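The values are calculated or read from the model by the stated rules, or taken from the named source; none is laboratory data. Since this is a predicted model, take the numbers as computed values, not measurements. Note that each Cβ is placed from the backbone with ideal geometry, even for glycine, and that neighbours are counted across all protein chains shown.
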Amino acid sequence: MAETGKEALANLLNEERRFPPHPDFAKAANVDASAYESARSDRLAFWETQARRLSWNKDWDEALDWSNAPFAKWFVGGELNVAYNCLDRHVEAGLGDRVAIHWEGEPGDSRSITYAELSAEVRRAANTLTDLGVESGDRVVIYMPMIPEAAVAMLACARIGAIHSVVFGGFSVDALAGRIDDAGAKLVVTADGGYRKGKASGLKDTVDAAADRCESVEKVLVVKRTEQEVAWNDRDLWWHETVAGASDEHEARAFDSEHPLFILYTSGTTGKPKGILHTSGGYLTQASYTHHAVFDLKPETDVFWCTADIGWVTGHSYIVYGPLSNGATQVMYEGTPDTPHKGRLWEIVEKYKVSLLYTAPTAIRMFMKWGDDIPAQHDLSSLRLLGSVGEPINPEAWIWYREHIGGGTAPIVDTWWQTETGAIMISPLPGVTTAKPGSAQVPLPGIEIDVVDDDAQSVPDGGGGFLTIREPWPSMLRGIWGDEERYRETYWSRFENQYFAGDGAKRDEDGDLWLLGRVDDVMLVSGHNISTTEVESALVGHDSVAEAAVVGASDPVTGQGIVAFVILRGDVESSPEHLKQLRTHVADTLGPIAKPRQVMVVSELPKTRSGKIMRRLLRDIAEDREVGDVTTLQDSSVMSRIKDGLSSSD
Ligand code: 6R9
């Protein structure tokens, strides 16, 4: 959109429904409207107050050093240990018997682990890592299923100052080897496999092949989960033969606030994956504060469940660092939501009386497609707040989530953030904000967001443009691993002194923010910029459509034409007449400019492991090209199935 025209993003969607916080919820909420005021009157002092929620070995001298922008330093001179903050301090406060993780394996096995137990296991793992020669600043790649040892490995790294880099279990040999190599990792922590979709998947073969190619790898530490046969190499060690026998006495050394904590690779649409670097004090401050404020966590009574994979930033900040730093009790689930049946998540909510649930729109739309009767078979009355992350949530999915999962009363927090931002940036505060379905609404206290035009000027209320961040924030990325220049170039070159996130947004008449998807995906039709989000939202607003993805395909007349891929609801039969209806429905909802040129029915859509639609691949189909790089797809065979099964409205 940047280069192609000055036309602001068309302002098409019109959503009028409003949901004010329930007075009882508002009264008991962790954070009230005064947080915005205190952050406005002194932003840095506000963040210093939040940093004091943590335990520091040495106080900082200065809240923020921005003299070497865009490389920030937060809580300069301060020292802390991240793992101590997540575990030992709760045990020291007498909370050792509180359950930290209720873990549910896919086959139905389960473990409840207390803070005392988790803390001891992390201390044993920290001793083991040290015995294996891992030192502060060394890199450790973690390639694991969703088992507690994944969190233990991360925290053990944090405890000794090693830098972890978690890679989604299931990524290919190439993807894994590329990440190990870029980070120069000494150690890989993995498992013999994990359970997904009713089967034991293998991870160890992939690690073996990747480690063979990467000279930096000295050891591979393997957790036994599935008991399947695995090949064994000289560099391999079993977790249960090393960690289990290690001492659980370990002193948590304090590290500088800016000591690196982790690298997490994001693929982006083109080029080599970027190793996003996060450090300690600022990251933990914002992960911890946002978890407390946005989810309204009451650690004594709530049961929190973030359904993300640990390989996604959401798993880092809202399974490991946010919840554990706050002393939360949470659920962790190994498998897929439809194994052994489509009510699995709701069964788990009922079993553990989950009160705060955090999931992604892609999952919500899948639950909608499976049918209202499935959640209705379970007692979900424990749920008191619902969260959404990863993509814009379309208003129909928002309403369904509130009605069918949240009992018609639970507030929904639609949280916008990125791997790069480290923690939530834009979200309603559940006790304060009158919610609007489909809008992430307001920057959190202490966060300065803007929407700007091509010339970096703020757009007025009612306008659309590029979402930017105007002031540094504690959990911001500190760079791209090994590539300073790429960091400046990618995030700081489009607009001077503003971080450009890559997303389009509009600001409505009340000043609330509506995220409109990646600007790379924005379509330019007859000189108008149209967001994929709005057209997709209109399509799933039609009764027959479960899920939709749209792309702009080059068009001799209009520049680009809108091509839509739709998944229909279970019992709907498609026909040329029906597809025509869908095109008309979009035109009626958004205006004739947004009418798709073509609608294609598909049975699935290409998605990343974190559930984001890879529109680039759909554009290849719409423009009839060879399909491009599929290495970060959740399931790399999906593209051939889509091509084979196409029926269209041409
Ligand atoms: C946390 C995470 C970041 C991109 C981001 C944006 C999209 C995430 C969103 C959302 C609209 C939301 N995104 N949350 N868009 N509303 N609530 O997803 O990190 O995997 O790095 O992706 O996801 O496009 O730029 P990451």
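Below, the figures for the structure above:
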read-out: Looking only at the range 436-459, and only at residues there that are part of a loop (DSSP other than H, G, I, E, B), of a type outside the set (K, R) and within 16 Å of the ligand (Cβ to nearest atom), the one that is surrounded by the fewest Cβ atoms within 10 Å (Cβ to Cβ); value: V442
read-out: Residue match in the range 379-386 (condition: within 19 Å of I319 (Cβ to Cβ) and within 14 Å of the chain's Cα centre (by Cα)); value: no
read-out: Among (1) under 19 Å from D454 (Cα atoms); (2) crowded, with 23+ Cβ neighbours inside 10 Å, the one test that H528 misses; value: (2)
read-out: Options S544, S574, S526, S554: the member that is more than 16 Å from the ligand (Cβ to nearest atom) and without any contact (Cβ under 8 Å) to a residue 40 or more places away in the chain; value: S544
read-out: Exclusive hit being surrounded by 14 or more Cβ atoms within 10 Å (Cβ to Cβ) and under 30 Å from Q50 (Cβ atoms), set L237, L203, L221, L284; value: L284
read-out: Helices (runs of 4 or more DSSP H) contained entirely in the range 308-405, each with at least 2 residues that are within 16 Å of the ligand (Cβ to nearest atom) and touching a residue at least 40 places away in the same chain (Cβ under 8 Å); value: 361-370, 395-400
read-out: Exclusive hit being hydrophobic (A, V, I, L, M, F, W, C), at pLDDT below 95 and either touching a Phe, Trp or Tyr at 6+ places or on another chain (Cβ under 6 Å) or more than 18 Å from Q228 (Cβ to Cβ) (or both), set A153, A126, A175; value: A175
read-out: Residue list for the range 406-419, filter: among the polar types (S, T, N, Q) and within 14 Å of the ligand (Cβ to nearest atom); value: T415, Q418, T419
read-out: Any hit, the range 487-503, residues being touching a helix residue (DSSP H, G or I) at 6+ places or on another chain (Cβ under 8 Å) and under 28 Å from T584 (Cβ atoms); value: no
read-out: Residues satisfying the stated conditions in the range 500-523, i.e. near the ligand (Cβ under 9 Å from one of its atoms) and at positive phi; value: G502, G517
read-out: Residue among A153, A162, A116, A125 that is crowded, with 23+ Cβ neighbours inside 10 Å, more than 13 Å from V188 (Cβ to Cβ) and of a type in the set (G, A, S); value: A125
read-out: Verdict on L467 being over 24 Å from T533 (Cα atoms), of a type in the set (A, V, I, L, M) and in contact with a strand residue (DSSP E or B) (Cβ under 6 Å, 6 or more places away or on another chain); value: no
read-out: Close pairs from the range 588-616: first more than 16 Å from the ligand (Cβ to nearest atom) and among the small types (G, A, S), partner modelled with pLDDT of 90 or more and not in a strand (DSSP E or B), Cβ under 9 Å, at least 6 apart; value: A594/E534; A594/V535; A594/A538; A594/V586; A594/A587
read-out: Residues that are within 13 Å of the ligand (Cβ to nearest atom) and out of contact with any strand residue (DSSP E or B) (no Cβ under 7 Å at 6 or more places or on another chain), drawn from the range 420-435; value: T421, A423
read-out: Meets criteria (of a type in the set (S, T, N, Q), within 25 Å of V389 (Cα to Cα) and surrounded by 16 or more Cβ atoms within 10 Å (Cβ to Cβ)) for S610; value: yes
read-out: Those strands (runs of 3 or more DSSP E) lying entirely in the range 525-629 with at least 1 residues under 25 Å from R641 (Cβ atoms); value: 545-555, 559-568, 598-601
read-out: Unmet criterion (only one of (1) farther than 30 Å from G94 by Cβ; (2) touching a strand residue (DSSP E or B) at 6+ places or on another chain (Cβ under 9 Å)) for D302; value: (1)
